[in-house]
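What follows is a set of notes on a single structure, which appears directly below.
Values in this text are rule-based calculations from the coordinates and carry no lab data. From a predicted model like this one, the values you see are computed outputs, not experimental measurements. All Cβ positions, even for glycine, are placed from backbone atoms using ideal geometry, and neighbour counts span all protein chains on display.
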């Protein structure tokens, strides 16, 4: 453990009855980085974050934040980190200003200081026009921003963000990303969880992939994506086309195994570079395999999972809609 | 959707000093000081008072119940129990005060349970504040409700002809005792609030406790009219002590042994149920 370590955890464990929600996770977050924890719903991301934030007792293993032991000194830990959960944890019956003032007062600010801090944060987060509106009138994005603002009142050096953009529209999502980058520019360390590979890609310096309570991979976003190919060529074979022949062509041309969707004409081909798509298409044309449609997509979390764990995220329906939400790149 | 834009990078003017982990670690203290605890509890009380003002229907029970029950009980039972309404009032008013204050305690527990289900409690848990502050704050705010309930009961009694023999000081003493006892008893219901699965369950438990406690006491009837077995229970029921103490104060201006017993019982209740509440609140995390 070095002086520049923000979060250090070894063998972190949490069980609920027979179920091991977190099953021996090691974590090492460096000061000043954005560290992403990537995984599907139920992988144990939130549980892990809650243990590190003293919100759940640690059942096994050890964790420290800036060298302070989480289990032994919870009150000190709470002074070192700000937590923004999946669901806005602000008071619905109070206005934005009142919320921030209350949280400031609770953390020992004098009334005038708490008011000044509230004003500064509302301005910084573009909420000053809504300062005196009840939270019930806030949009989802505004709530998230207020929630994040509430975590920053005492300027903690470490920020936990639990799925900061789940449920936000793309524009608000981009704003949230910029805000998170701004935190790090100020000297904060950020530990965030996400279900979106592109979010980890956009924000995180390093990423841990969590599945069923275990860490299955860790690295930079680029390293992760390389492990599944940078992009995916999605093909729909024409009716009557020979799937097996098409698969052989792919193996021969790019040396990789295509993913066939049983019972349908879809075939996904992982690619190291998008221009590999052209080689596959030429190969198929020469072999006489007819194709109905072609697209090149960025890898999805599902594909990362499949590549890393050999099973999918177990969220077929949700994964489907996510694939459709993904920006599909034109073949260049 | 708002049209507000967000500038993530604070402008040079607003730029605060960079975050320093080393200084933050050095600053972080191991526990809250008593002064901090008081400040935090008062901040939580401020929040509860704000919410009361925004949801005035929360005051229905402490306003209508004393007014309605005082008049109703006086005219229904007065003749049967004491011969006439006037003679019944000194017996009944302290009983209604005790009953109203206890009912008010119940809503303390119910509201805490509702509150704990809200997202803001997640933040309270993550903040470096004393674990008891989110529980104690609303209870401090509820002192206002006990004050309203006790004052309205005495006020309504006086309107229909109650003339407390203890004078102004006696009545003030009775009100103060009722408020303190109510506050102490509220810890029981706060504990219910932290163990129950839902606000409705809290209400269920509370009713089960409240009805026997208030009706199996000397609140509304002279004890000598009860069968012996019941009389024993009434004698040890803390509500009876509260009612007797309130009568001594309001009707005779006397600080009797009953006042002492009531205060002792209140302190015992706090000593048992405050730690229980904090413990189960923490386990809820």
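Structure data summary
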{"read-out": "Sequence of B:57, A:92 once ranked by neighbouring C-beta atoms within 10 Å, starting from the fewest", "value": "B:57, A:92"}
{"read-out": "Calculated P(r) of chain A - Cα pairs past 35 Å, %", "value": "32 percent"}
{"read-out": "Residues of the stretch B:155-196 with amide N under 18 Å of a point placed 7 Å along Cα→Cβ from residue B:216", "value": "none"}
{"read-out": "Relative contact order, percent, chain A [alpha-carbon distance under 8 Å, six or more residues apart]", "value": "18 percent"}
{"read-out": "Protection-proxy order for peptides A:114-124, B:226-236, each taking the mean of Cβ atoms within 10 Å per residue, highest first", "value": "A:114-124, B:226-236"}
{"read-out": "Calculated FRET value between residue B:117 and residue A:222, using beta carbons and R₀ = 60 Å, to 0.05", "value": "0.90"}
{"read-out": "Chain B: calculated mean residue ellipticity at 222 nm from DSSP helix runs of at least 4, using -39500 (n - 2.57)", "value": "-25500 deg cm²/dmol"}
{"read-out": "Between the stretch A:70-143 and the stretch B:110-146, the alpha-carbon center distance in angstrom", "value": "16 Å"}
{"read-out": "Exposure proxy order (Cβ contacts within 10 Å, fewest to most) of B:106, B:207", "value": "B:207, B:106"}
{"read-out": "Prolate/oblate/rounded label for the stretch A:109-161 (Cα gyration tensor, a/c 1.5)", "value": "oblate"}
{"read-out": "Relative exposure of A:144, A:236, judged by other C-beta atoms within 10 Å (fewest first)", "value": "A:236, A:144"}
{"read-out": "Chain lengthening between residue A:115 and residue A:41 when straightened (0.36 nm per residue, less Cα-Cα)", "value": "22.9 nm"}
{"read-out": "Rounded FRET efficiency, nearest 0.05, which uses the C-beta distance separating residue A:71 from residue B:172 and R0 of 51 Å", "value": "0.50"}
{"read-out": "Theoretical FRET efficiency, 1/(1+(r/R0)^6), r = Cβ-Cβ of residue A:30 and residue B:49, R0 45 Å, to 0.05", "value": "0.50"}
